[in-house]
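So the structure is just underneath, and the comments pick up after that.
The values are calculated or read from the model by the stated rules, or taken from the named source; none is laboratory data. This one's a predicted model, so the numbers in the text were calculated from it and none came from an experiment. Cβ placement follows ideal geometry from the backbone for every residue including glycine, while neighbour counts extend to all protein chains displayed. Ligands, DNA and RNA are excluded from the accessible area calculation, which covers all protein heavy atoms including side chains. Shrake-Rupley method; radii C 1.70, N 1.55, O 1.52, S 1.80 Å.
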Amino acid sequence: MSKQLNVALIGNPNTGKTSVFNQLTGLKQQVGNYPGITVEKKEGICKLPRGVKAHILDLPGTYSLNASSLDENVVIELLLNKNDKDYPDVAVVVSDVENLKRNLLLFTQIKDLKIPTILVINMADRMKRKAITLDIEKLEDRLQTKIALVSSRKNTGFENLKELITNYKELSIEPCVNASVIAPEYFDRLRKAFPKQDLYKLWLVITQDVNFGKLDRNEMQSITTFQTESKSNLKRLQQKETIVRYQFINGVLKETLSIDHLAAKDLRSRLDRVLTHKFWGYIIFFAILMLIFQAIYDWSSYPMDLIDETFAAMGEWVRNTMPPGAFTNLIAEGILPGLGGIVIFIPQIAFLFLFISILEESGYMSRVVFLMDRIMRRFGLSGKSVVPLVSGTACAIPAIMATRNIENWKERLITILVTPFTTCSARLPVYLIIIALVIPDRDVLYIFNLQSLVLMGLYLIGFGTAILSAWLLDRILKIKSRTFFVIEMPNYKLPLFKNVAYNVIEKTKSFIVGAGKIILAISIVLWVLASNGPGDAFNNAEVNAVERMQAGDFPESELDKQIASEKLEYSYIGYMGKAIEPVVRPLGYDWKIGIAIVSSFAAREVFVGTLATIYSVGSDEEETIKNRMAGEVNPILGGPLFNLASGISLLLFYAFAMQCMSTLAIVKRETNTWKWPLLQLVIMSGFAYVVALIAYQLII
Amino acid sequence: MIISLDLLKRGEKAIIKEFTLDMVPLKLLEMGCLPGNEVELVQIAPFKDPMYLNINGSHLAIRKETASHILVEKHSQ
Ligand SMILES: Nc1nc2c(ncn2[C@@H]2O[C@H](COP(=O)(O)OP(=O)(O)OP(=O)(O)O)[C@@H](O)[C@H]2O)c(=O)[nH]1
Ligand SMILES: [Mg+2]
């Protein structure tokens, strides 16, 4: 086979396109019971019968071929551009058996483009419960297509689907509804003006609101200017088209589909009565959030202690068993502590992903959107902004991408700009270690732990700041865009263990690997900078220390420590730190923290690893990161370096500062200009500095 | 009796008649909110905004502002 078969999965949001994709390709793309999980094209390969290979494309969901948001536009852009390398040989329209009527609208549109089209009716496993019966043969006949009734959950019907894809040449390309009936005379003129083009495609190009970046411009340019009808008239025609299509669909389904509506009313209405209740709905939402924090703080502390001790023991083992020398030191003092600083947070991050994944898979997320829309609107956001803000607690990058299904550009931009304030999992390591150092481990009101309350407070601060800055931005930004909000409320589903587990594992893994790479690089660089120094001061450190001991400055037992700290001071990193120190001293930090802050502008989670590396250079006892930090002494004031004042100041600095290159890059990509990410960087970090300064000066 | 959709009470059903907007959001039609279809108000958030509707088996939530532009006929019993 020389040419691959291009197959595109198209369908309404939340009909199970990604689930079908995963079944066909064996890949594990993210699935979730919320319209708008997939926002980008994803590709995979599927082996078909008789040695045919298919290139499968998973696309974001769309309700029709008239895009009203960015994720929907991806589909239209593909279908209107025959030169696109992914342009499908076969379109597989995925529909949900419970929402067949709505799903078929898009089906009839795609069929009008004269692309060979297969209809997949997914979620067949739910038909019995909902007392749905279908006359597949008749439906195939009326829609002039082939149908595969499948269940991605139960993995049934896929052999048939593969067979249908292989034989795609047999599919009829007759349209079901002829769009030209809505205005025969207008379509006639159109046909005469562009005899070579497909009529329905012309119509779509003319009526799109969105700009098409990649289309073959020359030809399309002249089409978009072909406007013998006023804009509002075109809109009216589009509406007429939708109505005509629904008339056709209603007629077809009347003959082929029967639903027992009484059986269909069940779990959904009972759950919704509580979960979207005016009062209980909010209480439950809040309780769920509380549960998440308790889990992150309390339940994960056991595996974390274990990991911390393991890494300390590993460092010790390396030092004792490997031949002494620079390489051993690099591993024991640079790499291991650096990596340990991130691995230790796996349990917490996994918990976080677990909860978010369950919320998405169950269908609860849309209910939160419903509950919060009115409140969020006051702050210039949309109910749909809740999803980015909640998933931003995992990571701002997918969260910012999740804003793509917000229709209103102003609401979307504001959501993008404020999302980095929510407490992402990269801040968690910093928060946890500092809380453990400066906040007493005490119970308050019998059930709450003071440390976990402080953590919750930090989450609230992040969220509150996001909301308040949204409110400010709403006043400042002068962007006109019409507001129109609609969200689908999906059925509740029992989260599929497999989906949730994959989600948790994949995301935790990519967090660790992504962060791990940066940390590895930075800790090597730091170690080199910390164990070398310019000039004599560094080389003479040992001699100096011995002289000072002999002069009686400190007892012999402290010699090693003194040598190490003197060396560090005259190393490259010591000089760099000294240069930064004046800037960070007013916040209560020493130069080592200063270095850690600077290095965490690449990514926040580097902070702990950096400190671990800096502190462990030269020390040879088996010690956990926490103990090392607790032992640091403030060089000027004496007393522990990490005390309440400097601790709170650090926590606040990390809460507000924009320290994530990847987020800046993604904001640039989503807003198409450097203006917004640069503003974020400057304003957020400046604000962080001022707040941390005030906090330290007040508490000290 | 013809009223605008935002005046419907929770649990009530009605038939969609027409829109009082000159530019009806196309998406609304595409999601099944068409004249002639039956609509049920399933649930409301505080201040009746947004409103959670069931239109012929399609479940969706829209804002009160949008609902006020949709005229419906209440079932007379
Ligand atoms: N019961 C049942 N649930 C299914 C089936 N296929 C998918 N689902 C569930 O339906 C929900 C949506 O699935 P996805 O595959 O994410 O749907 P999608 O069409 O890719 O959604 P978007 O990317 O948001 O447009 C998930 O909760 C799935 O677990 C099925 O055959 N039966
Ligand atoms: Mg998807």
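Of all helices (runs of 4 or more DSSP H) completely enclosed by the stretch A:349-407, which ones contain at least 3 residues that are open to solvent by 10 Å² or more (accessible area, probe 1.4 Å) and within 11 Å of chain B (Cβ to nearest Cβ)?
Per the criteria, A:364-378.
Within the stretch A:459-480, is even one residue more than 27 Å from the chain's Cα centre (by Cα) and part of a loop (DSSP other than H, G, I, E, B)?
Looking for residues that are more than 27 Å from the chain's Cα centre (by Cα) and part of a loop (DSSP other than H, G, I, E, B), one finds at least one in the stretch A:459-480, hence yes.
Read through the list (1) away from chain B (no Cβ under 14 Å); (2) open to solvent by 10 Å² or more (accessible area, probe 1.4 Å); (3) within 15 Å of ligand 1 (Cβ to nearest atom), then give the number of the only condition that A:Val93 fails.
(2)
Can you spot a residue in the stretch A:145-152 that is more than 14 Å from chain B (Cβ to nearest Cβ) and within 16 Å of ligand 2 (Cβ to nearest atom)?
Yes: one or more hits.
Whether any residue in the stretch A:515-523 is basic (Lys, Arg), more than 30 Å from A:Ala695 (Cα to Cα) and surrounded by fewer than 16 Cβ atoms within 10 Å (Cβ to Cβ) is what I want to check.
Yes, the stretch A:515-523 has at least one match.
With (1) open to solvent by 40 Å² or more (accessible area, probe 1.4 Å); (2) within 7 Å of chain A (Cβ to nearest Cβ) as the list, and B:His59 as the residue in question, which single condition is left unmet?
If we test B:His59 against (1) open to solvent by 40 Å² or more (accessible area, probe 1.4 Å); (2) within 7 Å of chain A (Cβ to nearest Cβ), just (1) comes out false.
Kindly provide the set of residues from the stretch A:622-663 that are assigned to a helix (DSSP H, G or I) and over 14 Å from A:Ile694 (Cα atoms), ordered by number.
Within the stretch A:622-663, A:Ile625, A:Lys626, A:Asn627, A:Arg628, A:Met629, A:Ala630, A:Gly631, A:Tyr654, A:Ala655, A:Met661, A:Ser662, A:Thr663 qualify.
In this structure, does A:Phe538 turn out to be open to solvent by less than 70 Å² (accessible area, probe 1.4 Å), outside any helix (DSSP H, G or I) and more than 29 Å from A:Ile648 (Cβ to Cβ)?
Taking the combined requirement at face value, the residue does not satisfy it.
May I ask you to list the residues in the stretch B:44-56 that are at the interface with another protein chain (Cβ under 8 Å from one of its Cβ atoms) and open to solvent by less than 30 Å² (accessible area, probe 1.4 Å)?
B:Ile44, B:Ala45, B:Asp49, B:Pro50, B:Tyr52
Any residue at all in the stretch A:96-117 that is under 27 Å from A:Asn499 (Cα atoms), within 16 Å of ligand 2 (Cβ to nearest atom) and touching a helix residue (DSSP H, G or I) at 6+ places or on another chain (Cβ under 8 Å)?
yes
For the condition open to solvent by 10 Å² or more (accessible area, probe 1.4 Å), at pLDDT 85 or above and assigned by TED's automatic domain parsing to the domain that holds A:Leu468, what is the one hit in A:Ile434, A:Ile439?
Result of the check over A:Ile434, A:Ile439: A:Ile439.
What number goes with the only condition from (1) in contact with a Pro (Cβ under 7 Å, 6 or more places away or on another chain); (2) away from chain B (no Cβ under 13 Å); (3) modelled with pLDDT under 90 that A:Ile115 does not pass?
(3)
Out of the stretch B:19-43, which residues are farther than 21 Å from A:Ile487 by Cβ and surrounded by 14 or more Cβ atoms within 10 Å (Cβ to Cβ)?
Passing the criteria: only B:Pro35.
Would you check if there is a residue in the stretch A:100-108 being more than 16 Å from ligand 1 (Cβ to nearest atom) and either out of contact with any Ser or Thr (no Cβ under 6 Å at 6 or more places or on another chain) or open to solvent by less than 10 Å² (accessible area, probe 1.4 Å) (or both)?
yes
Can you find a residue in the stretch A:477-489 that is away from chain B (no Cβ under 14 Å), within 16 Å of ligand 1 (Cβ to nearest atom) and surrounded by 14 or more Cβ atoms within 10 Å (Cβ to Cβ)?
The answer is no; no qualifying residue exists.
Check A:Leu460, A:Leu494, A:Leu472 and return the single one that is closer than 30 Å to B:His59 by Cβ and open to solvent by 80 Å² or more (accessible area, probe 1.4 Å).
A:Leu494
Residues are listed down the side, and each one gets a yes or a no for (1) in contact with a Phe, Trp or Tyr (Cβ under 7 Å, 6 or more places away or on another chain); (2) of a type in the set (Phe, Trp, Tyr); (3) free of Cβ contacts under 8 Å to residues at least 60 places away in the same chain:
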site: B:Phe19; (1), (2), (3): no, yes, yes
site: B:Val24; (1), (2), (3): no, no, yes
site: B:Leu29; (1), (2), (3): no, no, yes
site: B:Asn37; (1), (2), (3): no, no, yes
site: B:Val42; (1), (2), (3): yes, no, yes
site: B:Met51; (1), (2), (3): no, no, yes
site: B:Leu60; (1), (2), (3): no, no, yes
site: B:His69; (1), (2), (3): yes, no, no
site: B:Glu73; (1), (2), (3): no, no, no
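Which condition does A:Tyr87 not pass, out of (1) more than 15 Å from ligand 1 (Cβ to nearest atom); (2) within 25 Å of A:Thr207 (Cα to Cα); (3) open to solvent by less than 10 Å² (accessible area, probe 1.4 Å), if it passes all the others?
(3)
Considering only the stretch A:550-577, state which residues are open to solvent by less than 40 Å² (accessible area, probe 1.4 Å) and over 13 Å from A:Phe538 (Cβ atoms).
A:Phe554, A:Leu559, A:Gly577
Could you list, in sequence order, all residues of the stretch A:5-23 that are open to solvent by 10 Å² or more (accessible area, probe 1.4 Å) and more than 6 Å from ligand 1 (Cβ to nearest atom)?
Selection gives A:Leu5, A:Asn6, A:Asn22, A:Gln23.
Is it the case, given these coordinates, that A:Asn544 is at negative phi, out of contact with any strand residue (DSSP E or B) (no Cβ under 9 Å at 6 or more places or on another chain) and away from ligand 2 (no atom under 16 Å from the Cβ)?
When the stated conditions are applied, A:Asn544 passes them.
If you check every pair at least six apart or on different chains, which have Cβ atoms under 9 Å apart with a residue in the stretch A:236-247 that is at the interface with another protein chain (Cβ under 7 Å from one of its Cβ atoms) first and a residue that is open to solvent by 40 Å² or more (accessible area, probe 1.4 Å) second?
Partner pairs satisfying both residue conditions: A:Ile243/B:Pro35; A:Tyr246/A:Lys101.
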